[in-house]
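Beneath this line is the structure, given in structure tokens, with notes to follow.
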Amino acid sequence: MIAKKVSSNVIAVVLALFFAFPTYWMVTSAFKPTRDLSSSSYDLIPLSVTAQNFAAAWNKEGFLRSLGNSLLVSLTAVLAALLVGLLAAVAMSRLRFKGRKGFVLLMLVAQMAPFEALLIPMFLMMRDLDLLDKLPSLALIYFAVTLPFCAWTLRGFVNGIPLELEEAAMVDGCGRWGAFRRVTLPLLGPGLVATSVFAFVTAWNEFLYALSLMKDQAKETLPVWLSGFQTAFGTDWGGAMAASTLFTLPVLVFFLIVQRKMVSGVTAGAVKG
Amino acid sequence: MTAVHTTDAGVPTNKSAPRRAAPGGAPRRRGSSFDRLLPYLLLAPAFAAILWLIGWPVLSLLVTSFRKLNLKELTRGEVVWVGLDNYTEILGNPDFWIITARTVIFTVAVVGLSVLSGLLIALLMRQVSPVVRIVLQVTMLLAWAMPLIAATTVYQWIFDQQYGILNKTLVKLGFDGFAGYSWFSTGTSTLAVIGLLVVWQAVPFLAFSLYAGAIGIPRDQYEAAAIDGASPWQTFRSVTWPELRPLVMMLTFLSMLWDFKVFTQIWAFRKGGPDGASTTLPVLQYLEGISKSHFGVAAAVSVVMMVLLGVLTFQYLRRLIKQEGTL
């Protein structure tokens, strides 16, 4: 029995090493001087540390520009998807009307639409709209990719907020909009944060459309820029690892925020008192 | 799935209606017609966006797949109908069948491996001490959160021919043949590395979901099994598996959807190479459509992708829609 317990723990630790190693290797490589990287010596732990790779990546042609492009496109798309998705979620969850079932199904199916397979018509459509090589085309597509997901997930979060809370506010003299704004919206906070983080990560990661629609280098997003690191960095693995670390950082921070918000469980016990 | 949430919020409340209506009109009626319209107003932006940016492209994809549309036709704005020519062209090409088979095998292997690993890790997490569990969860979160391209770049560095840590380690362990070994010289080996990367990033989400499902299984069922003297395998088969089965099915279905369309990693590694040996359907679609500007042919490839995806996920999709229909 004890032997079994110990062996499970050992397996779990080995798995933890397997999952953590690439991250560890990315960060430590980013801090290693170039001469340590291209050498045949064996160093799992860095012997000397330098910030020069980060400086090199930061100052590399195109890094800041593509970072700006990525932020602009992702944030615009996610904000729009969140707003439009929230309106739809509230309607689907709180209101009763003809065709509601149809809308819910439409959202479910749209959420599973394989966007990668729509590359060709999207490309042609953006060409007709004269949006090729223009960032709004990416913002539009990322909006479309994340919208069904946002609407669907937010619907779940709205469902989770007891209607009695809104009704109580209406008894106390709030209008329907007032009740929604003062009661439901604040309680929806964590759900909105979680949804927006996942939507943001989707847009932040997107590669196929960014590669296909933005042929102009000035419009590259960060993933496309980083994928060409071998042309940008040569065999400068330190610079590539530093750039990857910088690319990972915002996502990691966002993930940690959601983790904390998700466990806080704001509505727990709200009706009991 | 219960239907508790459509209560009478949609019914107009007289409290709010008159306040919104203009004075002197017929407040009640105007209020209620606004209320009747409200859901549609709220849904209109989402509905319009989905029709425009998903519905229309799907339609246009089907139409394009029956047209000859290369750069010449595109710049001149010509519409040339060719019937099924695009389909006969791709289906008549033996390479296409190899690529299709490769895509299906890659998808099934990656999905199978990641769902199985996710399940095993979820069950393992129940057995280990809390500290070890938290460490494992944090490291999995790291793998999950890493952006695709960052992960791809790191894997290329780890698998690097000359200075990669993997080859160095293997040589140190006595496998001298791995000095300067190239992991990307064949398509199978390239896809194996890519598959490992995809599984590594997919397992955390699967393990977290299945762990959440596993800790929800009532404890007394296990106690009953223990009293009956069930072996661990019997306990798994008669207690754990029946409870987790629906969740495993859903996760398998979702993984199919996600892993079938893997493009980023394959392209970033070797652009479908060496010599096209790691090309899958999404890569082929990109090469035909965007690189060569054969939009009609590429559209036919996309349609085949959609059909295959439909076949792979049909059973589950049907059940899901039936279930949501009862909402």
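Filter the cross-link list A:K215/B:K292; A:K32/A:K60; A:K215/B:K72; A:K215/B:K271; B:K68/B:K271 down to pairs whose alpha-carbon distance in this structure exceeds 24 Å.
B:K68/B:K271
List the residues, sorted by chain then number, that are 5 or more residues from B:V80 or on another chain and whose placed amide H is less than 5 Å from its amide H.
HN-HN under 5 Å from B:V80: B:K68.
Would you please name the chymotrypsin sites (Phe, Trp or Tyr not before Pro) within the range B:168-212 that are DSSP coil residues with at most 14 other C-beta atoms within 10 Å of their C-beta?
Those satisfying the criteria are B:F175.
Using Cα pairs closer than 8 Å and at least 6 residues apart in sequence, work out the relative contact order for chain A, in percent.
Here the relative contact order equals 30 percent.
How far is the Cα center of the range A:36-65 from the Cα center of the range B:187-219, in Å?
Measuring centre to centre over Cα atoms gives 31 Å.
Taking the Cα atoms only, what angle lies between the long axis of helix A:100-111 and the longest principal axis of chain A, rounded to 10 degrees?
Long axis of A:100-111 versus the principal axis of chain A: about 0 degrees.
How do A:C150, A:C174 rank when sorted from fewest to most other Cβ atoms within 10 Å of their own Cβ?
A:C174, A:C150
Just to check, using Stokes-Einstein with a Kirkwood Rh over alpha carbon pairs, what's the diffusion coefficient of the range A:168-240 at 10 °C and 1.306 mPa s in µm²/s?
My calculation gives 98 µm²/s for D.
If you plug each phi of the range A:49-66 into the Karplus form 6.51 cos²θ - 1.76 cosθ + 1.60 with θ = phi - 60°, what whole-Hz ³J(HN,Hα) values come out, in order, with x for Gly and Pro?
Coupling constants for the range A:49-66: 10, 9, 9, 5, 5, 5, 4, 5, 5, 4, 8, 4, 3, x, 5, 5, 4, 6 Hz.
Pick from A:D130, A:D236, A:D172: which is most flexible by mean-square fluctuation in a GNM of chain A where alpha carbon atoms under 10 Å apart are linked?
A:D172
Top mean-square fluctuation among B:A109, B:A207, B:A44, Gaussian network model of chain B, C-alpha springs under 10 Å?
Maximum fluctuation in the GNM of chain B, among the listed residues, is at B:A44.
Relative to the longest principal axis of the C-alpha atoms of chain A, give the angle of the C-alpha long axis of helix A:119-128, reported between 0 and 90° and rounded to the nearest 10°.
80
If the reach is capped at under 15 angstrom between alpha carbons, list the aspartates and glutamates near A:K134, excluding any in the same chain fewer than eight residues apart.
Result set, ordered by chain and number: A:D216, A:E220.
Averaged over peptide A:206-216, how many Cβ atoms belonging to another chain are found within 10 Å of each residue's Cβ?
3
To the nearest 10 degrees, how steep is helix A:135-159 against the longest Cα principal axis of chain A, on a 0 to 90 scale?
50
Would you compute, for the Cα atoms of chain B, the largest minus smallest coordinate along each principal axis and list the three values in descending order, in whole Å?
Extents along the principal axes, in whole Å: 92, 76, 34.
Rg over Rh of the protein assembly as shown, using C-alpha atoms and the Kirkwood radius, what does it come to?
For the protein assembly as shown, the value is 0.99.
In whole percent, what relative contact order does chain B give with Cα contacts below 8 Å and a gap of six or more residues?
25
What stretch of chain B, leaving out the sites themselves, is the longest with no trypsin sites (Lys or Arg not before Pro) in a DSSP loop having at most 14 other Cβ atoms within 10 Å?
B:16-291
Over chain A, with a Gaussian network built from C-alpha contacts below 10 Å, which listed residue (A:V253, A:V90, A:V14) shows the highest mean-square fluctuation?
A:V14
Just so you know, all these numbers are worked out from the coordinates, no wet-lab data involved. Here the structure is a predicted model, which means the values were calculated and not measured. When we count neighbours, we look across all protein chains shown, and the Cβ atoms used for this are built from the backbone with ideal geometry, even at glycine.
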